[in-house]
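Student: The structure is given below, and queries will be raised subsequently.
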Amino acid sequence: MKKTYQIDKQHAAQQFQQSAGVSQEQLQFVLPLPEVVNLVQCGLMHLAVAAFTQVAEQMMRWEVSSVVGPKNRADPDRETMRWGSQTGYCVVGGQKVPLSRPRVRDVRQKEVPLGSYEMLQRASLMEDAVWNKIMQGLTTRRYSQVVRELQEAYGIEKSTVSDHFIEASRGRLQKLEARQFGEYAFCAMMIDGTCFEDQQVVVAIGLTLQGQKVILGLHQGATENTTVVKHLLDDLAQRGVDFEVPRLYVLDGGKALHAAVRKTAGKCAMIQRCQVHKIRNVVDHLTEDYQMDIRSKMRNAYSMQAYDDAKRALASLLRQLMDLNPSAARSLEEGMEDTLTVHRLRLPSKLRRTLSSTNVIESAFSTVETVCRNVKRWRGGDQYLRWVASGLLWAESRWNRIHGHRELPILVKELELAVVKGIPVRHASVA
């Protein structure tokens with residue numbers, strides 16, 4: 001809950017924006033040429049800071065004049081008065097730079113906040129700069145050494161930077177958890193979990209009809225169980241994801257994911273089990289002498305265009321594995337039909353390669369691991385979610401559309417034929 005002084009500062013900033021937006025006055029400042037030359041020799045950053053500081057001080061003086069009235073002019077009805085000045089700061093390039101700010105008080109000797117100053121020293125600008133640099137691999141310990149460009153800058157020590165990152169990452173986590181999806185049309189969804197220390201974080205990524213990948217949400221739990229996944233899906237339903245729409249769900253081999261999706265989406269869920277995970281699970285049962293051969297045969301089967309050809313190749317491999325390693329054969333047989341969903345939907349090869357595995361979400365987890373590698377101690381609380389959410393949003397900001405996005409209408413038509421009209425998927429055809 002915000003305190004009174006915080007609300008007053010927010011109102012002052014809003015009032016300043018309104019009054020400055022309709023004003024026709026111009027701000028002017030003067031920098032002597034010798035000083036400009038010296039600043040340029042020190043670096044353009046120093047010149048920019050000097051100019052920015054003068055503009056900021058001119059802006060605050062303009063606001064004081066508009067609030068108090070012209071200087072050295074008597075006004076018996078005046079309710080506010082100038083009250084000297086003190087050292088303040090503004091945020092430039094992720095650093096706090098000192099400046100002189102005027103003070104104003106009312107007739108009750110109460111401090112009157114200046115909206116212009118509140119805009120200049122808002123911590124969010126600092127938090128954004130800290131978040132972006134840490135996402136690019138800069139640690140809080142080295143932040144001051146790398147970022148400091150101005151001798152007079154301050155507020156970039158390790159503890160301060162850590163506090164700013166906590167606030168920035170917490171704000172991004174809250175925005176991610178509050179995203180609304182009522183206006184989105186998702187034709188596919190990928191769900192998977194990643195482990196940090198003893199915590200499991202389950203993440204859902206949606207695929208729009210235009211081929212854009214969107215982080216839908218995340219949920220933390222001790223294990224990747226059905227309850228955790230169900231809570232995540234229920235939260236997505238409350239935020240606008242319609243699970244009555246036919247959709248392809250790309251999952252790994254976890255039974256909890258499969259059960260939660262079936263419970264939430266029912267007959268509208270077409271589940272594609274990750275082929276990469278299936279190959280890995282089967283091969284792990286074998287000795288090194290057979291791993292390369294079996295891996296090659298499974299890849300060849302999954303690369304076939306027709307469902308019948310792929311199914312026939314996998315059935316032949318299953319018979320071979322029964323004689324070679326029954327455990328590997330049972331691993332291949334378990335959920336084998338779900339690994340061929342993209343084949344039964346008769347998707348074009350480029351789109352089928354994209355949707356046949358959870359590589360999209362695994363790529364996002366790779367970015368999360370890179371971002372989190374500088375965390376030396378996990379302290380619990382919302383730290384797991386803050387860091388994972390930051391890594392996911394950082395990955396999302398650099399994503400392109402998926403390969404084969406132009407073929408997504410085919411997926412939509414096949415899903416409608418298979419789910420809505422009740423036509424068996426293996427006999428569905430493109431309208």
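Student: Helix-only estimate, please: 222 nm mean residue ellipticity of the chain, summing -39500 (n - 2.57) across DSSP H runs of length 4 or more and dividing by its residues, to the nearest 500.
Tutor: -16000 deg cm²/dmol
Student: Ok, one more. Please compute the volume of the convex hull spanned by the alpha-carbon atoms of the chain and report it per residue in Å³.
Tutor: 213 Å³
Student: Next up: Counting only C-alpha contacts under 8 Å and six or more residues apart, can you give the relative contact order of the chain as a whole percent?
Tutor: 13 percent
Student: Let me ask something else about it. Enumerate the calculated ³J(HN,Hα) couplings along the range 321-327 in order (Karplus 6.51 cos²θ - 1.76 cosθ + 1.60, θ = phi - 60°), each rounded to whole Hz, writing x wherever the residue is Gly or Pro.
Tutor: Values per residue, Gly and Pro as x: 6, 4, 7, 8, 7, x, 5 Hz.
Student: Here's a follow-up. Using a 10 Å cut-off on Cβ atoms, rank the peptides 287-295, 56-64, 12-20 from the highest mean neighbour count down.
Tutor: Top to bottom by mean Cβ count within 10 Å: 56-64, 12-20, 287-295.
Student: If you don't mind, there's one more thing I want to ask. Among 73-79, 264-270, 390-396, how do they line up from the highest to the lowest mean number of other beta-carbon atoms within 10 Å?
Tutor: 390-396, 264-270, 73-79
Student: Kindly write out, for the range 355-366 in residue order, the coupling ³J(HN,Hα) from the Karplus curve 6.51 cos²θ - 1.76 cosθ + 1.60 (θ = phi - 60°), rounded to whole Hz, with x marking Gly and Pro.
Tutor: With coefficients 6.51, -1.76 and 1.60, one gets 9, 8, 8, 9, 4, 4, 6, 5, 5, 5, 5, 4 Hz.
Student: What's the center-to-center distance, using Cα atoms, between the range 61-99 and the range 198-257 in Å?
Tutor: 52 Å
Student: Ordered by residue, what ³J(HN,Hα) values in Hz, to whole numbers, does the range 342-348 give under the Karplus form 6.51 cos²θ - 1.76 cosθ + 1.60, where θ = phi - 60° and Gly and Pro are x?
Tutor: 5, 6, 5, 7, 6, 7, x
Student: Straight-line reach only, C-alpha to C-alpha below 20 angstrom: list the lysines that Lys3 could link to, leaving out same-chain residues fewer than 8 apart.
Tutor: Correct list for Lys3: Lys110.
Student: Kindly express, to the nearest 10 degrees and within the range 0 to 90, the angle between helix 158-177's C-alpha long axis and the longest C-alpha principal axis of the chain.
Tutor: Helix 158-177 and the main axis of the chain meet at about 60 degrees.
Values in this text are rule-based calculations from the coordinates and carry no lab data. Keep in mind that what you see is a predicted model, and the values were worked out from it rather than measured. Every residue, glycine as well, gets a Cβ built from its backbone with ideal geometry; the counts of neighbours run over all protein chains shown.
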